[in-house]
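Just so you know, all these numbers are worked out from the coordinates, no wet-lab data involved. Quantities reported herein were computed from a predicted structural model and do not represent experimental measurements.
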């Protein structure tokens, strides 16, 4: 069972992943049940593109990025 304090995170590689995630949001009404995060796979999906899609579709989700990878790259232990 999903609770309001829970979070569900979708890790997306492509526009196809994004469109699938939107269908799941709608099918299960997830944004009404919990916090939803969309995160791009590092160096696979452009963060700006994902952000624009979210804004264009007026999705009530959070955009989450791997900040440590943007700052320090693929360094182990960071």
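If one computes P(r) from the Cα atoms of region 34-78, what percent of pairs lie at distances over 11 Å? Don't jump to the answer; show the numbers that get you there.
Numbers: 682 of 990 pairs.
Considering region 34-78, 69 percent of its Cα-Cα pairs are separated by more than 11 Å.
Residue separation times 0.36 nm, minus the C-alpha to C-alpha distance between residue 3 and residue 23: what's the value? Write out the running numbers ahead of the final one.
On the way: separation 20, 0.36 × 20 = 7.20 nm, distance 2.01 nm.
Contour length minus Cα-Cα distance gives 5.2 nm.
Along each principal axis of its Cα atoms, how long is the chain end to end? Whole angstroms, biggest number first, please.
37, 26, 17
How much length, in nm to one decimal, is gained on full extension between residue 13 and residue 42, taken as 0.36 nm per residue of separation minus their Cα-Cα distance? Before the final figure, lay out each step's value.
Values: separation 29, 0.36 × 29 = 10.44 nm, distance 0.85 nm.
Between residue 13 and residue 42, full extension yields 9.6 nm more.
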